[in-house]
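The structure appears right after this line, and notes come after that.
Bear in mind these aren't lab numbers, they're just calculated from the coordinates by the rules spelled out. As the structure is a computational prediction, the values presented were derived from the model and not from experiment. All Cβ positions, even for glycine, are placed from backbone atoms using ideal geometry, and neighbour counts span all protein chains on display.
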Amino acid sequence: MKILEDCKFNTRRIHAGYKPSEHHFASSVPIYQTAAFELTNTQVANQIVTGQLPGRFDYSRDGNPTVAVFEKRIAALEGGVDAVAVGSGMSAISFAIFNVAEGGGRIIAPTNIYGSSLDEFRNFFPKFGINFDLVDSPNDFEGIKRLIGSDTKAIYVESVANPSTEIADIEGLAKIAHEAGIPLIVDNTLPTPYLLRPFEYGADITVYSSTKGINGHGNALSGLVVDHGKFDWNNGHFPQFTENEFILGDEEQHIQHSFVSKFGNAAFIKRIRMKYVRLLGSVLGPSEAYLILLGLETISERLDKEVSNAKKIAEFLAQSQYVKQVFYSGTESNNKLLKKYFPKGVGALLSFELKGKESNVAKLIENLHIFSYLPNIGDAKSLIVNPARTTHREVPQKIRIKHGLNNQLLRLSIGLEDADDLITDLRQGLERAFY
Ligand SMILES: *Cc1c(COP(=O)(O)O)cnc(C)c1O
């Protein structure tokens, strides 16, 4: 339907990827709670399993109609050729890294990334022959250029870092990557596609923890890999996309195919689905997909309100006598990257360094009544956590210090409550913490 393809973000988040007439006219996307699908007859079965009937399914590890609506909707919102949904954000990140560097290679990434990502990059991927060259800032262009070698497979960054909210200069990074014949992979979890669409600035792959702002209600884990579909995988750097694959060919007809020869520029995302999701598992269940689709319908209004609340809270904290420093790029009026990439705001996450000692941190957390103390972000509820002891525990102290991640740091994820109430809660909590 051409009309929908031309629609803007707010229309797509409600309608893209779903036609009620194809689902018994159900207005709300049905939950297809089934492990498998009837194949009708052997002729139809053959067409389904060889991908000739895209509307049909065989087994929910290979694809499920509820999950497929979620994937198509996200691809439409992001401006990508296709998306694959998985069981968690970490699965999305892992699959994207394996897919690009399979068989061994190097990846360049900054150290300001999510704790589990950094742990995986430093301590786990090397066991599979995938090694990381780490830089302190995603915008250290000279440092990154110097690290690119013949076996470098990708540059990986977070568009907005957690919890420092440092902004990556996606356009500059994409240029550097493409000059070297490698893709730029962006974890865009914090802004969500509502605040930033990295493909518009040249990124090739985005990964998400849709557990966070895309869902927005803290009720289900999920992740996404999205493919821009512009990168040329046939440039000699990535044999996994150009070698013949048994499952893509037809033994009886003597036909052979690689992911590139069969899917062209969609080779990356098709390979994620057919190799990683199908063989390593980590699928998203239809009930989870339903919850996320529901949350996604209100993403714009949620983010607008959360950004507005977060700015007020950043301003309140900046003038508090108990706060040493606030980390929130969203209120830095002379930040050029903010102006370029985030006209609607940088997001709902911010952090601040509390004066005093760690006992004051403990007392503040104990004395808050509206903020929930838990390790999550992007919920309708406002949340607080002490990252150095929880979410970023896996980051070695030497790296933590470089990003202001000391034991006095507190991270806030701002929800949809009234800003006045959140500020009142923080004010009384701070007073009690230092009483
Ligand atoms: C939470 C998070 C992840 C991991 O996602 P899960 O859904 O918890 O697996 C990855 N990257 C960022 C930036 C995150 O905030």
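Under 1.5 on a/c is rounded, so check that first for the stretch 15-99, then, if it is not, pick prolate when a/b is larger than b/c and oblate when it is not; a ≥ b ≥ c are the square roots of the alpha carbon gyration tensor eigenvalues.
On the way: a/c = 1.85, a/b = 1.25, b/c = 1.48.
The shape class here is oblate.
With a Förster radius of 51 Å, plug the Cβ-Cβ distance of Lys127 and Asp420 into 1/(1 + (r/R0)^6) and report the FRET value to the nearest 0.05. The computed FRET efficiency comes out at 0.50.
Can you give the charge dipole size of the chain about its Cα centre, rounded to the nearest 20 debye, using +1 on the beta carbon of Lys and Arg and -1 on the beta carbon of Asp and Glu? Walk me through the numbers on the way to the answer.
On the way: 46 positive and 50 negative charges, 163 e Å.
Result for the chain is approximately 780 debye, rounded to the nearest 20.
The stretch 150-218 and the stretch 259-281 have their alpha-carbon centroids 20 Å apart.
Counting alpha carbon pairs within less than 8 Å and at least 6 residues apart, what relative contact order, in whole percent, applies to the stretch 300-433?
Values: 212 pairs, mean separation 40.5, N = 134.
Value for the stretch 300-433: 30 percent.
Label separation (Asp140 vs Thr34): 5.4 nm, computed from points 7 Å beyond Cα along the C-beta direction. Under 1.5 on a/c is rounded, so check that first for the stretch 2-295, then, if it is not, pick prolate when a/b is larger than b/c and oblate when it is not; a ≥ b ≥ c are the square roots of the alpha carbon gyration tensor eigenvalues. It is oblate, given that a/c is not under 1.5 and a/b is not larger than b/c.
Label the stretch 31-170 by shape, choosing from rounded, prolate and oblate, from the square roots a ≥ b ≥ c of the eigenvalues of the Cα gyration tensor; if a/c is under 1.5 it is rounded, and otherwise prolate applies when a/b is larger than b/c, oblate when it is not. Judged from the Cα gyration tensor, the stretch 31-170 comes out prolate (a/c at least 1.5, a/b above b/c). When DSSP beta bridges are restricted to pairs lying wholly in the stretch 113-222, around 10% turn out antiparallel.
Modelled label positions at Ile247 and Glu171, each set 7 Å beyond Cα in the direction of Cβ, lie 3.9 nm from each other. Exposure proxy ranking for Arg432, Arg73, based on other Cβ atoms within 10 angstrom of each Cβ and starting from the fewest, stands as Arg432, Arg73. Rounded to the nearest 5, the antiparallel percentage of DSSP beta bridges internal to the chain is 60%.
Annotation for Thr42 and Ile370: the two label points, set 7 Å from Cα along the Cα-Cβ direction, are 6.7 nm apart. To the nearest ten degrees, helix 65-78 and the longest principal axis of the Cα atoms of the chain are 60 degrees apart. For the pair Gln428 and Val49, a Förster radius of 56 Å applied to the C-beta separation gives a FRET efficiency near 0.35, rounded to the nearest 0.05.
Taking the convex hull of the alpha carbon positions in the stretch 93-156 and averaging its projected area over all directions gives 3.9 nm². So if each residue of separation counts as 0.36 nm, and I subtract the Cα-Cα distance between Glu179 and Gln321, what length gain in nm does that give? Extending this stretch completely gives an extra 46.3 nm.
If R0 is taken as 35 Å, the Cβ-Cβ distance between Lys8 and Asn334 corresponds to a FRET efficiency of 0.70.
Sequence-distant contacts, meaning Cα pairs under 8 Å at least 6 residues apart, place the relative contact order of the chain at 16 percent.
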